[in-house]
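Just below is one structure, and these are the notes that go with it.
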Amino acid sequence: MFTGIIQGRGTVTAIDHTATHATLTIDTPLPAKIHSRIGDSLAVNGVCLTVTQLQATGFTTTLMPETSRRTALAQLKVGTGVNLEPALRADARLDGHFVLGHVDTTTTLVQRRRDENAVVLTFALPAAYRGELVEKGSVALDGVSLTLTAVTATTFSVSLIPHTLAQTGLGQLQTGDLVNLETDILGKYLTKLEAMRHDDSDATN
């Protein structure tokens with residue numbers, strides 16, 4: 001469980017592929033700072049991953065095929081920067097929203113515009129997730145907890161303050177770039193409940 005409040009940045013230093021999986025090595029001082037251990041969870045661009053090795057300058061993690069298929073991590077290259085967040089402690093403040101680290105899908109940035117001191121990012125809205133995004137609701141993009149400022153049938157928008165632009169990779173996004181999308185957990189269950197009610201109604205008619 002995470003909050004979507006990014007605690008650090010890292011740089012991909014190695015990507016090793018085998019027939020069944022891939023491993024990522026990320027250079028970052030965060031694991032040393034928080035005293036990470038092998039087996040701990042760290043969110044990398046919003047994806048909950050397990051620390052499999054620790055180095056003096058960072059850590060290594062393994063990607064299973066489902067992770068590579070469902071997220072944008074498969075497109076990472078050596079030298080790419082990533083957002084990092086350790087798992088939420090039970091005694092810690094919840095400053096963002098509950099983020100599972102289980103990315104639903106990826107989406108593409110379709111527009112970037114400035115709004116005074118903020119930058120508004122508009123993304124394509126995958127049809128399968130329309131019911132899980134609502135204006136003023138929460139969403140996680142590359143692991144960053146954000147508030148939805150607008151939702152249409154085909155797009156959704158978020159507004160980034162200068163701090164978010166400076167401290168996360170979202171400030172570097174350009175039109176056409178791919179990001180990881182995790183909808184709010186409440187939206188998931190409400191959408192599922194509504195679908196079940198619809199199915200039950202059809203079955204009784």
Quick check: Cα centre of region 102-139 to Cα centre of region 25-87, how many Å? 24 Å
Theoretical gain in end-to-end length, Ala56 to Thr20 [0.36 nm per residue, Cα-Cα removed]: 10.2 nm
Which of Thr52, Tyr129, Gly4, positive extreme of dipole for the chain (C-beta unit charges): Thr52
Could you grab the relative contact order for the chain? Cα pairs under 8 Å, six or more apart, rounded to a whole percent. 23 percent
Helix axis angle, 185-204 relative to the chain longest principal axis, alpha carbon, degrees: 40 degrees
Based on DSSP loop calls and a cut-off of at most 12 other Cβ atoms within 10 Å, the longest stretch of the chain free of exposed GluC sites (Glu not before Pro) is what? 1-115
Name the long-range amide H neighbours of Leu125: under 5 Å, sequence gap of 5 or more, or other chain; modelled H, no Pro or chain starts. Thr155, Phe156
Compute, for the chain, the length of the dipole vector about the Cα centre, with Cβ point charges of +1 (Lys, Arg) and -1 (Asp, Glu) only. Units Debye, rounded to 20. 420 debye
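Based on DSSP loop calls and a cut-off of at most 15 other Cβ atoms within 10 Å, the longest stretch of the chain free of exposed trypsin sites (Lys or Arg not before Pro) is what? Don't jump to the answer; show the numbers that get you there.
On the way: sites that count: Arg37, Lys77, Arg89, Arg93, Lys136.
The segment 137-205 is the longest one with no such site.
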Asp27 versus Ile161, label points 7 Å from Cα toward the beta carbon: distance in nm? 3.2 nm
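How large is the helix-only mean residue ellipticity at 222 nm for the chain, computed as the sum of -39500 (n - 2.57) over DSSP H runs with n ≥ 4, divided by its residue count, in deg cm²/dmol to the nearest 500?
On the way: 4 runs with 36 residues, N = 205.
Here the helix-only value at 222 nm equals -5000 deg cm²/dmol.
Test of understanding: express the Cα radius of gyration of the chain as a ratio to 2.2 N^0.38 Å, with N the residue count. Don't skip to the end; give the middle numbers.
Numbers: Rg = 17.7 Å, N = 205, 2.2 N^0.38 = 16.6 Å.
Working it through for the chain, the quotient is 1.06.
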Roughly what would the spin-label model give for Thr105 and Thr11, points 7 Å off Cα along C-beta, in nm? 3.5 nm
Length added when fully stretched, Ser68-Asp95, from 0.36 nm per residue minus Cα-Cα: 6.8 nm
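No lab work stands behind these numbers, since they all come straight from the coordinates. Every value quoted in this text rests on a predicted model; they were computed, and no experiment measured them. Here the Cβ is made from the backbone with ideal geometry for all residues, glycine too, and neighbour counts use every protein chain on show.
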